[in-house]
Amino acid sequence: MTLPELTEQFIDHGRYLRGWSPKTVRTYQQSLAALDGAGIETLTRASLQAFVLWLRQRGLTPGGINVRLRTVNSFLSWLREEGHLSEPLKARLLPKPSQVLVTFSDGEVRRVLAARPAATTMKRAWTLFVLLVDTGLRIDEALGLERARVNLDALTVTVRGKGSKERQVPISMECRRALFRFMNHGNDRYLFSTASGERLGYRNGYRDLEALCRQVGVHGSH
């Protein structure tokens, strides 16, 4: 069978047996059409390397190329499972260059910490900021912190991290004061909750932190 025919079978397999969404189908169609359009008639390691070179010559970023290579690798695995390839074949992903993270300066952190917001939403964001700066928690860990897991006497908070593993994290006296003031209002399960008592979501928490920083003229970039 020709490569286009096998590609069509593979996409039908994904659409009808794996329940691929129309968006996923389009992604596979575009990536595998590019594989064929690159002039590759036989699937070999050499032809895959030529495909990667062709993508790089088109100016795609390593991340963009890897998206296409993952699609190709899924296709290659299916070909192997269906007996169309006698040996395993896989395209090697490109290493992604590390990015330098833009962080707040000490002065910017002090400016946010010195803020005394009046609105309830901004008080919540400020307390979240204090906790993050004090402990180095991931924002998802902080947002999932339950009131019952805050021990002001022991100066610790117990958070649930990756793999649902719990760990105790120490907090400073300054952070304890911030948490104490904030915990005097409300009795929801989660420390950082919505008006309806639900856990504050990542997107809304991030949005509120941005709004808080803008209020004091901090934008996180230079």
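Structure above, values below:
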quantity	calculated
Under the Karplus curve 6.51 cos²θ - 1.76 cosθ + 1.60, θ = phi - 60°, whole-Hz ³J(HN,Hα) for the range 10-21, x wherever Gly or Pro sits	4, 5, 5, 4, x, 5, 9, 9, 9, x, 4, 6
Contour minus Cα-Cα distance for VAL109 and VAL216 (0.36 nm per residue)	37.5 nm
The range 190-213 versus the range 115-176: alpha-carbon centroid distance in Å	13 Å
Selection from LEU69, GLN57, GLY107 lying farthest towards where the dipole of the chain points positive, charges on Cβ	GLY107
Integer Hz, Karplus 6.51/-1.76/1.60 couplings in order for the range 122-127, x for Gly and Pro	6, 5, 5, 5, 5, 5
FRET efficiency for GLN29 and TYR202, using Cβ-Cβ distance with R0 set to 41 Å, rounded to 0.05	0.80
Nearest-0.05 FRET efficiency for THR158 and THR121, computed from C-beta distance (R0 30 Å)	0.70
GNM top mover of THR156, THR24, THR127 - the chain, alpha-carbon springs below 10 Å	THR24
Qualifying GluC sites (Glu not before Pro) in the range 155-212, DSSP loop, other Cβ atoms within 10 Å at most 16	GLU198
C-alpha long axis of helix 62-81 to longest principal axis of the chain, angle in °	50 degrees
Length-normalised contact order of the chain in % [C-alpha pairs under 8 Å, at least 6 apart]	16 percent
For THR156, distant residues with modelled amide H under 5 Å away	ASN151, ILE171
Most mobile listed residue (ASP140, ASP12, ASP188) in the chain, GNM with C-alpha springs under 10 Å	ASP12
Top of GLY161, GLY201, GLY19 by mean-square fluctuation, Gaussian network on the chain, Cα under 10 Å	GLY19
Degrees separating the helix 173-183 axis from the principal Cα axis of the chain, which is the longest one	90 degrees
The range 104-222, accessible surface, carbon-and-sulfur percent (1.4 angstrom probe)	48 percent
Under 12 Å, Cβ to Cβ, from LEU48 - net charge with Lys/Arg +1 and Asp/Glu -1	+4
The range 167-212 pair-distance distribution - Cα-Cα, 10 Å bins, rounded %	23, 42, 34, 0
Using θ = phi - 60° and Karplus 6.51 cos²θ - 1.76 cosθ + 1.60, couplings along the range 83-91 (whole Hz; Gly, Pro as x)	x, 8, 10, 7, 10, x, 9, 8, 7
Förster radius 22 Å - calculated FRET efficiency between ARG18 and ARG92, Cβ distance, rounded to 0.05	0.35
Mean accessible surface per residue for the chain, computed with a 1.4 Å probe while every protein chain stays in place, in Å²	63 Å²
Correct option for semi-axes √(5λ) of the Cα gyration tensor in Å [calculated from the coordinates] among (i) 29, 25, 22; (ii) 50, 21, 16; (iii) 32, 20, 15	(ii)
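The values are calculated or read from the model by the stated rules, or taken from the named source; none is laboratory data. What you see is a predicted model; the values in this text were computed from it and never measured. So basically every Cβ, Gly included, is an ideal-geometry build from the backbone, and we count neighbours across all protein chains shown. These accessible areas exclude ligands, DNA and RNA; they are computed on the full protein's heavy atoms, side chains included. Shrake-Rupley method; radii C 1.70, N 1.55, O 1.52, S 1.80 Å.
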